[in-house]
Amino acid sequence: MGGLAELRTLPSVDQMLKAPAVAPLVERHGRVVVTEELRLVLGEIREMVRSGGLIPDADGVIASLVSRLDYRDLSNLRPLFNLTGTVLHTNLGRALLAEEAIAAAVDAMREAAALEFDLDTGRRGERDSHLRDLLCELTGAEDATVVNNNAAAVLIALGTVGGGRQAIVSRGELIEIGGAFRMPDIMERAGVALVEVGTTNRTHARDYRRAIGPETALILKVHTSNYRIEGFTAEVSGAELAAIAHEAGLVLLNDLGSGTLVDLRRYGLGKEPTVREAVAEGADLVTFSGDKLLGGPQAGFIVGRRDLIAAINRNPLKRVLRVDKIRIAATAATLKLYRDPDRLAARLPTLRMLARPQHEIRAQAERLAPEVARLLASSGHRVEICHCSSQIGSGALPVDTIQSAGLRIEAASGSALEALAALFRSLSRPILGRLQDGALILDLRCLSDESEFLKSLSEGVGHALA
Ligand SMILES: *Cc1c(COP(=O)(O)O)cnc(C)c1O
């Protein structure tokens with residue numbers, strides 16, 4: 001006992017701040033934060049002593065302070081291992097950028113750049129000019145513009161072309177993309193009246209033709225990239241829709257969603273329509289995302305007819321939805337990689353991960369399984385190598401899965417499995433797998449740094465299971 005009397009020996013915040021061991025903490029975290037955390041640590045110790053605990057020694061106090069400061073410093077945006085099997089995971093930030101894009105973004109962050117300044121004439125330039133030529137070159141379109149994301153691209157394109165009038169869209173394409181993004185809501189916000197045609201599974205050319213009236217401004221085609229209707233289905237091709245629209249003097253807007261710039265079959269994946277194809281079919285405007293299959297930063301692109309792009313650029317919303325210099329730099333660097341399709345899979349992480357052959361992933365699983373089993377052995381978890389299926393994610397090729405390999409971890413009970421998943425999430429570099437059939441599956445398709453993975457695991461597991 002005697003704890004209460006001992007409380008007087010507990011150093012004050014001011015004394016602690018002068019302690020040599022605290023100086024480097026102040027250097028790193030700043031005096032304000034260290035003072036705040038010290039107060040909390042000392043307060044907790046007083047509480048503990050009052051309820052019969054002992055006063056920790058100086059090292060113990062410092063250790064609590066350090067772990068509080070470290071915890072406070074941890075960011076939810078810290079790097080993690082995405083072993084969910086979904087390569088373009090919207091909740092995990094979608095595409096990982098190519099080194100070329102990262103370097104360009106870093107330069108743009110650190111230095112001034114001619115963002116809206118024409119170095120040739122010395123006059124004011126245009127923000128979009130850094131991307132326009134590249135986008136036209138890669139898609140065959142006449143003109144191009146860029147906004148914050150593809151949802152924004154759809155919003156501004158619809159509002160500019162169809163504001164106050166009607167847009168015809170197939171009932172089979174009125175999609176919800178996730179979160180709060182539903183096509184009908186976006187259309188309403190854009191001030192466009194929605195005219196639904198056809199049925200969920202079948203829409204014909206005559207359905208579109210019949211719906212055209214004096215108030216019609218455009219036909220909207222939406223690539224139903226996150227689901228597929230199978231069986232007794234009919235949809236009207238982009239080329240046919242373009243013909244129907246143009247006959248009636250209307251605009252065809254094709255929202256491709258993921259929108260790839262290359263034929264993915266070249267890399268062993270399924271067929272997704274390319275932007276170039278959509279343009280060639282006759283769409284007047286095509287919208288697509290920067291951070292889905294394209295593998296760049298978040299952005300929304302609109303390519304197509306020059307007069308329509310010019311009208312979009314004059315829309316005041318364009319200023320609201322504009323993209324900053326960091327993303328413009330990274331986007332330009334990403335797009336440039338597409339000029340050399342032979343080296344694309346080696347340079348673009350998204351494509352590299354998607355194209356990674358199963359035998360390579362399996363070999364990695366074989367290397368890692370014994371190590372992971374050893375780390376988890378004392379806690380009674382069983383680790384084995386498994387087949388699994390990855391998916392592209394973010395709505396591309398929804399029913400195509402990619403054969404992959406990974407580790408399957410089984411626990412003694414459901415709650416032990418949940419606890420293990422929670423432990424993995426709490427690591428300084430979290431490991432995210434997916435819970436499936438009573439096991440935690442770690443799909444290794446997106447794992448490149450094996451030693452960092454093992455280090456993270458051994459640190460965390462060592463702490464928790466020690
Ligand atoms: C993903 C997607 C969108 C939204 O794109 P973001 O880049 O997420 O804003 C719109 N339309 C389709 C068809 C999509 O697949």
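No value in this document is a laboratory result; all are computed from the given coordinates. Keep in mind it's a predicted model, so treat the numbers as computed, not measured. Every residue, glycine as well, gets a Cβ built from its backbone with ideal geometry; the counts of neighbours run over all protein chains shown.
A few comments on the model shown:
- Segment 275-294 residues that are farther than 24 Å from residue 324 by Cβ, paired with ones that are in a loop (DSSP other than H, G, I, E, B) (beta carbon under 7 Å, 6 or more apart): 276/140; 279/140; 279/141; 280/140; 284/305
- Considering 92, 135, the condition of being within 16 Å of the ligand (Cβ to nearest atom) and touching a Phe, Trp or Tyr at 6+ places or on another chain (Cβ under 7 Å) is satisfied by 135 alone.
Residue by residue, here is whether (1) touching a Gly at 6+ places or on another chain (Cβ under 6 Å); (2) in contact (Cβ under 8 Å) with a residue 60 or more places away in the chain; (3) farther than 27 Å from residue 355 by Cβ holds:
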site	(1), (2), (3)
405	no, no, no
411	no, no, yes
420	no, no, yes
440	yes, no, no
443	yes, yes, no
451	no, no, no
461	no, yes, yes
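- Scanning segment 378-403 for residues that are without any contact (Cβ under 8 Å) to a residue 60 or more places away in the chain and either within 16 Å of the ligand (Cβ to nearest atom) or of a type in the set (Ser, Thr, Tyr) (or both) returns a single hit, 401.
- Taking helices (runs of 4 or more DSSP H) as the structural unit, those lying wholly within segment 292-372 and holding at least 1 residues that are hydroxyl-bearing (Ser, Thr, Tyr) correspond to 325-337, 349-355.
- Members of segment 373-394 that are of a type in the set (Gly, Ala, Ser), farther than 28 Å from residue 351 by Cβ and not in a helix (DSSP H, G or I): 378, 379, 380
- Of residues in segment 119-146 being assigned to a strand (DSSP E or B) and out of contact with any Leu (no Cβ under 7 Å at 6 or more places or on another chain), the one nearest to residue 281 (Cα to Cα): 143
- Taking the criterion of being closer than 17 Å to residue 103 by Cβ, surrounded by fewer than 16 Cβ atoms within 10 Å (Cβ to Cβ) and of a type outside the set (D, E, K, R), the only residue of segment 331-355 that qualifies is 346.
- Strands (runs of 3 or more DSSP E) enclosed by segment 159-222 - at least 1 residues per element that are away from the ligand (no atom under 16 Å from the Cβ) and surrounded by 20 or more Cβ atoms within 10 Å (Cβ to Cβ): 166-170, 193-197, 216-222
- The residue list 78, 94 contains one member that is surrounded by 16 or more Cβ atoms within 10 Å (Cβ to Cβ), among the basic types (Lys, Arg) and in contact (Cβ under 8 Å) with a residue 40 or more places away in the chain, which is 94.
- Residue list for segment 408-466, filter: of a type in the set (Asp, Glu) and outside any helix (DSSP H, G or I): 410, 437, 443, 449
- Exactly one residue out of 358, 436, 364 is among the polar types (S, T, N, Q), out of contact with any helix residue (DSSP H, G or I) (no Cβ under 7 Å at 6 or more places or on another chain) and surrounded by 15 or more Cβ atoms within 10 Å (Cβ to Cβ), and it is 358.
- Residues satisfying the stated conditions in segment 46-57, i.e. closer than 15 Å to residue 11 by Cα and in contact (Cβ under 8 Å) with a residue 40 or more places away in the chain: 49, 54, 55
- The residue that is farthest from the ligand (Cβ to nearest atom), among those in segment 145-154 that are surrounded by fewer than 24 Cβ atoms within 10 Å (Cβ to Cβ) and among the aliphatic types (A, V, I, L, M), is 152.
- Qualifying position, being outside any loop (DSSP other than H, G, I, E, B) and either within 16 Å of the ligand (Cβ to nearest atom) or surrounded by 18 or more Cβ atoms within 10 Å (Cβ to Cβ) (or both), among 286, 262, 236: 286
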